């Protein structure tokens with residue numbers, strides 16, 4: 001009896017080993033191999049991706065972010081392959097992950113919009129850190145460009161953080177993109193002033209300022225016979241860094257020179273004529 005029981009237990013153990021332990025052990029070993037080798041392959045792919053993106057001179061922050069997304073996707077693929085080797089129904093798992101991703105995407109629509117806009121800004125580079133731009137309803141110097149937001153500093157030293165979606169969905173004016181800019185100024189003189197004398201003075205002042213470029217040639221011309229003044233347009237070209245200094249200095253110099261030369265700069269006024277009638 002004892003011998004029969006012993007043979008039965010030995011037979012059951014051998015059956016358990018042959019039917020379950022060995023197959024599961026092999027599957028677990030293969031799953032581990034798939035996971036380890038997969039992670040190594042993911043590392044090689046990420047290194048290659050970083051090298052290729054580095055040669056393309058993309059922003060390091062964009063490269064790191066895209067590399068992290070690629071790493072997560074490839075790692076997920078390796079995990080699914082490992083679980084599939086263990087016999088787990090990965091079809092249901094993928095469906096659950098897809099549904100969860102859809103739900104998260106719908107709840108984070110604005111964030112995803114800002115993310116997409118941030119990627120586009122970093123790829124196409126309409127501006128860079130240090131540029132002075134007008135975008136998203138704000139004008140200021142670009143301090144930082146991140147995946148979701150862009151940070152600006154206004155001329156009065158206020159820091160403004162703008163969602164990238166608001167920037168990319170509107171017009172972007174980059175005042176620092178070009179090496180030179182044209183300064184547009186309007187100078188008015190009275191109708192009784194000497195027109196040619198005033199024009200020659202303006203031309204002389206433009207030629208005397210070393211910051212004003214001669215190519216393209218500056219323009220001084222009569223643009224309008226307004227209600228109370230004859231208006232000149234003065235349009236010199238300058239290096240972008242000199243724009244505001246030239247504009248402010250030239251405006252002040254015109255007033256001082258015109259006062260010295262006796263040329264009046266009129267201000268808006270109205271003449272009222274009263275006619276007295278008798279019954």
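Throughout, read-outs are computed from the coordinates displayed, never taken from laboratory work. Keep in mind that what you see is a predicted model, and the values were worked out from it rather than measured. Here Cβ is always computed from backbone atoms with ideal geometry, including for glycine, and neighbour counts include all displayed protein chains.
Protection proxy ranking for 227-233, 147-153, using the average of other Cβ atoms within 10 Å per residue and placing the highest first: 147-153, 227-233.
For 40, 120, what ranking results if the residue with the fewest other Cβ atoms within 10 Å of its Cβ goes first?
Ordered from fewest to most neighbouring Cβ atoms within 10 Å, 40, 120 come out as 40, 120.
Here the range 110-166 and the range 227-262 have alpha carbon centers that stand 33 Å from each other.
For the range 201-242, the square roots of the Cα gyration tensor eigenvalues, ordered a ≥ b ≥ c, give a/c of at least 1.5 with a/b greater than b/c, which places it in the prolate category.
Highest mean first, the peptides 65-76, 159-170, 206-217 sorted by other C-beta atoms within 10 Å per residue fall in the order 159-170, 65-76, 206-217. The packing ranking of peptides 176-184, 133-141, highest mean first, is 133-141, 176-184, where packing means the average number of other beta carbon atoms within 10 angstrom of each residue. Given a Förster distance of 25 Å, report the FRET efficiency between residue 228 and residue 208 from their Cβ-Cβ distance, rounded to the nearest 0.05. E(calc), rounded to 0.05, equals 0.30. Give the shape of the range 125-174 as rounded, prolate or oblate, defined through the alpha-carbon gyration tensor: a ≥ b ≥ c are the square roots of its eigenvalues, a/c under 1.5 means rounded, and otherwise the shape is prolate if a/b is larger than b/c and oblate if not. In terms of gyration-tensor shape, rounded.
Roughly speaking, what is the stretch gain from residue 83 to residue 261, that is 0.36 nm per residue apart minus the C-alpha to C-alpha distance, in nm to one decimal?
This chain segment gains 55.0 nm when fully extended.
Classify the range 156-279 as rounded, prolate or oblate from the Cα gyration tensor: take a ≥ b ≥ c as the square roots of its eigenvalues, call it rounded if a/c is under 1.5, otherwise prolate when a/b beats b/c and oblate if not. Note, shape of the range 156-279 comes out oblate. In this label model, residue 116 and residue 196 are separated by 6.4 nm, measuring between points 7 Å along each Cα→Cβ vector. In this label model, residue 239 and residue 52 are separated by 4.2 nm, measuring between points 7 Å along each Cα→Cβ vector.
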